[in-house]
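Notes follow the structure.
Please treat every number below as a calculation from the coordinates, not as lab data. This is a predicted model, so every value here is computed, not measured. Neighbour counts run over all protein chains shown; Cβ positions are idealised from the backbone, glycine included.
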Amino acid sequence: MSKYECNHHMTGFLKELPKCEHHVHLEGTLGPDLLFPLAARNNVQLPSHFPKDVESLNKRYSEFTDLQDFLNFYYIGMSVLIQEQDFFDLAWAYFTKAHADGLHHAETFFDPQGHVERGVSIDVVVRGFERAAQQAEKELGISTRLIMCLLRHLPPKDGLATIESARPYYKAGTIHGLGLDSAEKPFPPHLFEECYKAVRDSFPEVGLTAHAGEEGGPEFITNSLDLLNVTRIDHGVNSFQDEDLLKRLAKNQTLLSLCPLSNVKLQVVKDVSELPIQKWLDFGVPFSINSDDPAYFGGYILDNYIMVHTRFGFDLKTWCKIAANGVNGSWISDARKKELL
Ligand code: ES4
Ligand code: ZN
């Protein structure tokens, strides 16, 4: 069989694998094709330096130099989201796309502070996303979890206020997790100890995760585990630099939510082949493969799986093990896990 046929065959196999996504920012599914119409619909004035059309914006998206360069565009992008319907439309478009990729379970991040600071209430945001998630469960058979992230470039006090405003949604089970994102290096995990403690104390069943080791060193991961009590690490790329940490992640079966295409676009690595995926497999560190901000990084979940296969060429058994690790690391009932495995 030629290499092309082999890859073609693998695409079908990877699509059929029971995939779970643990790392996708709903605001990161907002592409130029939706951004400009929403800006017009909501009368949002984009900054004068912002690219003026889909083509030039896509071109700029292909030139990100690092995380902060991307984030500057990401926060302008989300400024076009105003009405509950905008949040619904955005999330629904993501769920339908992910369903076409063969996704069965989606744990989705959102950044309420990026909306509240513009005068859009958390209720508008959560209602729109929740409605789309319910429709995805009903019409697409995708199980869903909504994870609220705190922006680490904002004061931890602001994070505490955000947690307060989200209390009804944690209580009702509408929001299932707490995460931490945005610029990593200048804002280490210890700043958010109190925020994580507040959620842990009131809602012990809520899942805790944090972005760590994307640009920060392995100590950002260790400190997220020690100080924030997270049970999952988003990215975690730089864990490879600390063998004791790798052993700890393996022992506790702490899931890393990898985002291969994101890591290339934000120049964390030059190529997906540089990711220490074999090392994680050798140490028994579980990981899932995810899209992060698919509209900005040029690929959804299946594109990420295909890129990993193109670079690593894993056998079917290894792929099944990777998928099973994703199911087992999901914040779902044992009954749902059984359905997926
Ligand atoms: C993000 Cl790739 C990444 N890293 C940190 N924060 C983020 N927010 C959205 N995408
Ligand atoms: Zn992310």
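Conditions tested, residue by residue: (1) among the basic types (Lys, Arg); (2) within 15 Å of ligand 1 (Cβ to nearest atom); (3) loosely packed, with under 15 Cβ neighbours inside 10 Å.
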{"residue": "Asp271", "(1), (2), (3)": "no, no, yes"}
{"residue": "Pro276", "(1), (2), (3)": "no, no, no"}
{"residue": "Asp292", "(1), (2), (3)": "no, yes, no"}
{"residue": "Phe297", "(1), (2), (3)": "no, yes, no"}
{"residue": "Ile332", "(1), (2), (3)": "no, no, no"}
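Of the candidates Leu191, Leu160, the single residue that is more than 16 Å from ligand 2 (Cβ to nearest atom), out of contact with any Cys (no Cβ under 7 Å at 6 or more places or on another chain), in a helix (DSSP H, G or I) and of a type in the set (A, V, I, L, M) is Leu191.
Here the condition is being assigned to a helix (DSSP H, G or I) and in contact (Cβ under 8 Å) with a residue 60 or more places away in the chain; of Glu27, Glu55, Glu21, it holds for Glu27 alone. Asn263 meets the conditions (1) assigned to a helix (DSSP H, G or I); (2) over 22 Å from Gln68 (Cα atoms) in every case but one. The failed one is (2).
Any residue at all in segment 229-237 that's away from ligand 1 (no atom under 16 Å from the Cβ), surrounded by fewer than 21 Cβ atoms within 10 Å (Cβ to Cβ) and hydroxyl-bearing (Ser, Thr, Tyr)? Taking every residue of segment 229-237 in turn, at least one turns out to be away from ligand 1 (no atom under 16 Å from the Cβ), surrounded by fewer than 21 Cβ atoms within 10 Å (Cβ to Cβ) and hydroxyl-bearing (Ser, Thr, Tyr). Considering Leu245, Leu256, which residue is within 16 Å of ligand 1 (Cβ to nearest atom) and either out of contact with any strand residue (DSSP E or B) (no Cβ under 9 Å at 6 or more places or on another chain) or closer than 21 Å to Ala183 by Cα (or both)? Being within 16 Å of ligand 1 (Cβ to nearest atom) and either out of contact with any strand residue (DSSP E or B) (no Cβ under 9 Å at 6 or more places or on another chain) or closer than 21 Å to Ala183 by Cα (or both) holds for just one of Leu245, Leu256, which is Leu256. Does Val126 satisfy the criteria of being outside any helix (DSSP H, G or I) and more than 16 Å from ligand 1 (Cβ to nearest atom)? Considered against the rule, which asks whether it is outside any helix (DSSP H, G or I) and more than 16 Å from ligand 1 (Cβ to nearest atom), Val126 comes out as no.
Scanning segment 103-123 for residues being more than 15 Å from Ile147 (Cβ to Cβ) and in a strand (DSSP E or B) gives a total of 2.
Across segment 308-337, the number of residues qualifying as under 16 Å from Leu281 (Cα atoms) and part of a helix (DSSP H, G or I) comes to 16. Condition (residue is out of contact with any strand residue (DSSP E or B) (no Cβ under 7 Å at 6 or more places or on another chain) and not in a loop (DSSP other than H, G, I, E, B)) applied to segment 178-186: is it met by at least one residue? No; the residues of segment 178-186 include none that is out of contact with any strand residue (DSSP E or B) (no Cβ under 7 Å at 6 or more places or on another chain) and not in a loop (DSSP other than H, G, I, E, B).
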